[in-house]
DNA sequence: CAACTTTCCCCGGCATACAGGGAAAAGCGC
DNA sequence: GCGCTTTTCCCTGTATGCCGGGGAAAGTTG
């Protein structure tokens, strides 16, 4: 894929002029979690990653070869 | 924007002809985790979500308004 | 250099995600 | 109806993610 979420988080945080502590508070997580997230730790809870991404206005997207077929089926089912 | 990872996982798993148990084994996680993942549980470890997505050939992508600026900066720094 | 902010990295303790077993219910073909 | 497979949902022990505090190191500003 692209860069790790770690890099992206650091970049967005700094662009927002936030310290790790400030980001943590806005996201409602502990300061250590932000630190670990930025270190690329993968054993974090999805919930907490999402909280941080939300504050930084970053969205998560899924990609797969079957994705288009999925969209077609849904559109089909719903009209 | 898109569907939850839960829906996507179910869809891809069924398309692969796998049972929850089989997917769990391929991903190296417990069967209950697959069950919870498909139920949309957000308190799972990112690591485990990624393991399952990998088996199903689903990639994660990040999107943000600042993303382009990020890419430019990187390209700039590297070449 | 001094003063201040931020980041790094440790710890102690609590909360909870996880694996795996089991059993009832649901689905599916015959 | 009867089998067989799969899914749903419970339980329990263990592992570990998380928080808050703190202090050293690194960075920033003057």
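The values are calculated or read from the model by the stated rules, or taken from the named source; none is laboratory data. Quantities reported herein were computed from a predicted structural model and do not represent experimental measurements. Positions of Cβ are backbone-derived with ideal geometry, glycine not excepted, and every protein chain shown enters the neighbour counts.
Observations
- Count of residues meeting criterion [more than 30 Å from residue B:22 (Cα to Cα) and either more than 7 Å from chain A (Cβ to nearest Cβ) or at pLDDT below 90 (or both)] in the stretch B:51-79: 15
- Taken over the stretch A:26-38, residues that are exposed (fewer than 15 other Cβ atoms within 10 Å of the Cβ), near DNA strand D (Cβ under 8 Å from one of its atoms) and part of a helix (DSSP H, G or I) amount to 2.
- The residues of the stretch A:1-10 that are within 15 Å of DNA strand D (Cβ to nearest atom) and either more than 8 Å from every other protein chain (Cβ to nearest Cβ) or at pLDDT 95 or above (or both), listed by number, are A:6, A:9, A:10.
- So residue A:36, is it at pLDDT 95 or above, within 12 Å of chain B (Cβ to nearest Cβ), more than 18 Å from residue B:62 (Cα to Cα) and under 16 Å from the mean Cα position of the chain (by Cα): yes
- Total residues in the stretch A:44-70, condition farther than 16 Å from residue B:48 by Cβ, buried (at least 17 other Cβ atoms within 10 Å of the Cβ) and in contact (Cβ under 8 Å) with a residue 40 or more places away in the chain: 4
- Considering only residues in the stretch B:16-25 that are closer than 20 Å to residue A:65 by Cα and buried (at least 16 other Cβ atoms within 10 Å of the Cβ), the one that is farthest from DNA strand C (Cβ to nearest atom) turns out to be B:18.
- From the options A:41, A:14, residue that is without any contact (Cβ under 8 Å) to a residue 60 or more places away in the chain and part of a loop (DSSP other than H, G, I, E, B): A:41
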